[in-house]
Amino acid sequence: MGRHFGDLAKVRHIITYSLSPFEQKAFANYFSKGIPNVWRRFSSQVFKVAPPFIVTYVTYTWGNHVHQQGKRKVAADYENDV
């Protein structure tokens, strides 16, 4: 009954190759190349990414500490109350 959805157009002079998912190895070279590659990428970027996160964390904790100090009552102000 006519063409299927994938065969609607006739494309010429274009060659496509594909590999079946059943023929691929999901974890090919995972331990020999994958883990060392992750370590190399991590160690090359950690000094670019970590300092802003550390500065942000220290600033955030300092701001929370100052805010909590500002919310406290001073006990000396209430010594003479009855």
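All of the numbers you see were taken from the coordinates with simple rules; none came from a lab. In this text, all values refer to a predicted model and were calculated from it rather than measured experimentally. Every residue, glycine among them, receives a Cβ derived from its backbone with ideal geometry; neighbour counts consider all protein chains shown.
Worth pointing out:
- Filter pass, residue 16 being loosely packed, with under 10 Cβ neighbours inside 10 Å and among the β-branched types (Val, Ile, Thr): yes
- Taken over region 30-48, the criterion of being surrounded by 10 or more Cβ atoms within 10 Å (Cβ to Cβ) and of a type outside the set (Phe, Trp, Tyr) is satisfied by 33, 34, 35, 36, 37, 38, 40, 41, 45, 46.
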